[in-house]
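**Q** Provided herewith is a single structure, encoded as structure tokens, for subsequent inquiry.
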Amino acid sequence: MTLAILGGAPVRSKIFAGYNTIGEEEKQAVLGVLDSGKLSKFIGGWNQYFYGGDQIQAFEKEWAEYFNVKHAITVNSCTSGLYAAVGAIGIEPGDEIIVSPYTMAASATAAVVFGAIPVFADIEEDHFCLCPKSVESKITSKTKAIIVVDIFGNPYNATEINRIAKKHNLKVIEDTAQAPGAKYNGQFAGTLADVGVFSLNYHKHIHTGEGGVVVTNDDVIADRIRLIRNHAEAVVEAKNERNIVNMIGQNYRMTEIEAAIGRCQLKKLNNLLEKRKKNVKYLVNELTKIPAITHSGPRENSEHSYYVLPFKFHSSLAEGIHRNNFIKAVRAELAPTQYREGEGPLLTMGYVKPLYLLPMFQQKIAFGSKGFPFSLNPSISYEKGLCPVVEKMHFEEIFLTSLMEGQLSQEDLDDVVKAFYKVWENRKQLIGKEF
Ligand SMILES: *Cc1c(COP(=O)(O)O)cnc(C)c1O
């Protein structure tokens, strides 16, 4: 059977159904807010509206209850939430913050916006979160915090990383954009560190278009995050706030419309996760029958939330065929997904390039043209080869798929499996070819 990438007929040409969690409930909730005429009640001053309107406050209360955490603070994106979290823990320009290189860029740039210097540690070979050993090896007298990421929906190694943080008196910020509902030792991801930040952008499990929620059990950090969210500089005096470090406030406020949608979305999270897990179980079972494909499963004592489903491809077990050529051949057998047609089949080689390879770090240009804040630590290195595991995972081994979201039928999953099997059984056709 000729492979589609070499001109044969593909396994599937029918587009996959899109992931859409918005329904009648959200529509009614939004109409309610529109009828009120008050689309946001926030005011950047010290009065009753400093904490936002009814929908915001109800959503924050429900989020805190669901995730069993003292404070939930809505923001207009996970990026804003990460920025506020870094400001809230009292970072100084020139401080070092240890970050993961395998994540969405904001989890590292959050350090830069307060003049801190991101120091990249390597990731784990099996779970792709920050590797505790590598983190510990990067600690210096300037290290103040660690930003961990629950990447792909897998909680970070909280036991080890929190132990290291405690030993060296560091704060931990958890970027849990990809892991709402994931758990570690029975505790929700996002609540495993000093501060956790969720995303509600359109691509996440549940969403409000754009949005985010910061959670913490620390009253002081919570207060500082609420200030940074809402024009701190204009509020601290009336509020009688003495600590004005990093209180250059922003406008990170969510609207009443988004909060109303978020309240409906949160109610759907459990069910959405269950459907994903069922599909994941089937795909993992079927795809790992291919000898060159492995999947390491969730971390011990944890529950994965599968933002995306990671596998590894081992070209040494596939006649030397590179992962990229194999996955390109599988992609050619499949069709795009509704709403994301431009991306082709939702199956990717690696994730994002290790972050230290971005121009900002390669050229050390962020604020202005003279190298600030990197100039505060001239010996900081971002050269290629800095984190060998992430480079091997990204450029050689990992592939990810979203073709396990809850809306997909058994027939859809069977087509995905068929595409992989077809390419595997006919892999000799790929030998010596580059695509
Ligand atoms: C999506 C994402 C973010 C950013 O979320 P926004 O709400 O778009 O700002 C940050 N970190 C990770 C790991 C993400 O996946």
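**Q** Within segment 420-427, identify whether any single residue is more than 30 Å from Lys278 (Cα to Cα), open to solvent by 10 Å² or more (accessible area, probe 1.4 Å) and not polar (S, T, N, Q), and answer yes or no.
**A** No, segment 420-427 has no match at all.
**Q** Given Gln28, Gln48, which one is over 26 Å from Asn271 (Cβ atoms) and over 26 Å from the mean Cα position of the chain (by Cα)?
**A** On inspection, the qualifying residue turns out to be Gln48.
**Q** While we're on this one: Considering every residue within segment 200-222, establish whether at least one is open to solvent by 50 Å² or more (accessible area, probe 1.4 Å), more than 16 Å from the ligand (Cβ to nearest atom), within 17 Å of Lys61 (Cβ to Cβ) and more than 24 Å from the chain's Cα centre (by Cα).
**A** Within segment 200-222, one or more residues are open to solvent by 50 Å² or more (accessible area, probe 1.4 Å), more than 16 Å from the ligand (Cβ to nearest atom), within 17 Å of Lys61 (Cβ to Cβ) and more than 24 Å from the chain's Cα centre (by Cα).
**Q** Within segment 251-264, is even one residue within 30 Å of Tyr421 (Cβ to Cβ) and either away from the ligand (no atom under 16 Å from the Cβ) or open to solvent by less than 60 Å² (accessible area, probe 1.4 Å) (or both)?
**A** no
**Q** Please count how many residues of segment 1-31 are of a type in the set (Gly, Ala, Ser) and loosely packed, with under 13 Cβ neighbours inside 10 Å.
**A** Residues that pass the stated criteria total 4.
**Q** Lys138 fails exactly one of the following numbered conditions: (1) open to solvent by less than 10 Å² (accessible area, probe 1.4 Å); (2) free of Cβ contacts under 8 Å to residues at least 60 places away in the same chain. What is the number of that condition?
**A** Only one criterion is unmet by Lys138, namely (1).
**Q** Which residue, of Glu434, Glu396, Glu411, is in contact (Cβ under 8 Å) with a residue 12 or more places away in the chain and under 30 Å from the mean Cα position of the chain (by Cα)?
**A** From the options Glu434, Glu396, Glu411, the qualifying one is Glu396.
**Q** Residues that are touching a strand residue (DSSP E or B) at 6+ places or on another chain (Cβ under 7 Å), in a helix (DSSP H, G or I) and at positive phi: does segment 168-190 have at least one?
**A** No: segment 168-190 contains no residue that is touching a strand residue (DSSP E or B) at 6+ places or on another chain (Cβ under 7 Å), in a helix (DSSP H, G or I) and at positive phi.
**Q** Which helices (runs of 4 or more DSSP H) sit wholly inside segment 30-113 and have at least 3 residues that are modelled with pLDDT of 95 or more and more than 14 Å from the ligand (Cβ to nearest atom)?
**A** Once the helices (runs of 4 or more DSSP H) in segment 30-113 are filtered for at least 3 residues that are modelled with pLDDT of 95 or more and more than 14 Å from the ligand (Cβ to nearest atom), what remains is 54-67.
**Q** Across segment 315-326, what is the total count of residues that are touching a strand residue (DSSP E or B) at 6+ places or on another chain (Cβ under 7 Å) and of a type outside the set (Phe, Trp, Tyr)?
**A** Residues in segment 315-326 being touching a strand residue (DSSP E or B) at 6+ places or on another chain (Cβ under 7 Å) and of a type outside the set (Phe, Trp, Tyr): 2 in total.
**Q** Please verify whether Ala335 is at pLDDT 95 or above and either surrounded by fewer than 19 Cβ atoms within 10 Å (Cβ to Cβ) or in a loop (DSSP other than H, G, I, E, B) (or both), treating the condition exactly as stated.
**A** When the stated conditions are applied, Ala335 passes them.
**Q** Filter segment 289-302 down to the residues that are surrounded by 15 or more Cβ atoms within 10 Å (Cβ to Cβ) and over 21 Å from the mean Cα position of the chain (by Cα) and list them by number.
**A** Listed by number, the residues that qualify are Ile290, Ala292, Ile293, Thr294.
**Q** Turning to a different aspect of this structure: Can you tell me how many residues within segment 112-127 are open to solvent by less than 10 Å² (accessible area, probe 1.4 Å) and closer than 21 Å to His304 by Cβ?
**A** Matching residues across segment 112-127 total 1.
**Q** I need every pair where a residue in segment 9-29 that is of a type in the set (A, V, I, L, M) has its Cβ under 8 Å from the Cβ of a residue that is assigned to a loop (DSSP other than H, G, I, E, B) and open to solvent by 60 Å² or more (accessible area, probe 1.4 Å), sequence separation at least 6 or different chains.
**A** Close Cβ pairs (under 8 Å, with a partner that is assigned to a loop (DSSP other than H, G, I, E, B) and open to solvent by 60 Å² or more (accessible area, probe 1.4 Å)) amount to Ala9/Thr2; Ile15/Gln338; Ala17/Gln338.
**Q** From the set of residues in segment 345-362 that are in a loop (DSSP other than H, G, I, E, B) and in contact with a strand residue (DSSP E or B) (Cβ under 9 Å, 6 or more places away or on another chain), which is farthest from Thr103 (Cα to Cα)?
**A** Pro345
**Q** On the basis of being within 16 Å of the ligand (Cβ to nearest atom) and within 13 Å of the chain's Cα centre (by Cα), does Pro118 make the cut?
**A** In short, no.
**Q** To continue, here is another question. Consider Glu65 carefully, then state whether it is in contact (Cβ under 8 Å) with a residue 24 or more places away in the chain and acidic (Asp, Glu).
**A** no
**Q** Any residue in segment 274-298 that is closer than 19 Å to Asp126 by Cβ sitting within a Cβ distance under 7 Å of a residue that is of a type in the set (Asp, Glu) and at pLDDT 95 or above? List the pairs, counting only those 6 or more apart or interchain.
**A** What qualifies is Ser296/Asp126.
The values are calculated or read from the model by the stated rules, or taken from the named source; none is laboratory data. Here the structure is a predicted model, which means the values were calculated and not measured. Counting neighbours? That spans all protein chains shown, and the Cβs are built from the backbone with ideal geometry, glycine included. These area figures cover heavy atoms from the full protein model, side chains too; ligands, DNA and RNA do not enter into them. Shrake-Rupley method; radii C 1.70, N 1.55, O 1.52, S 1.80 Å.
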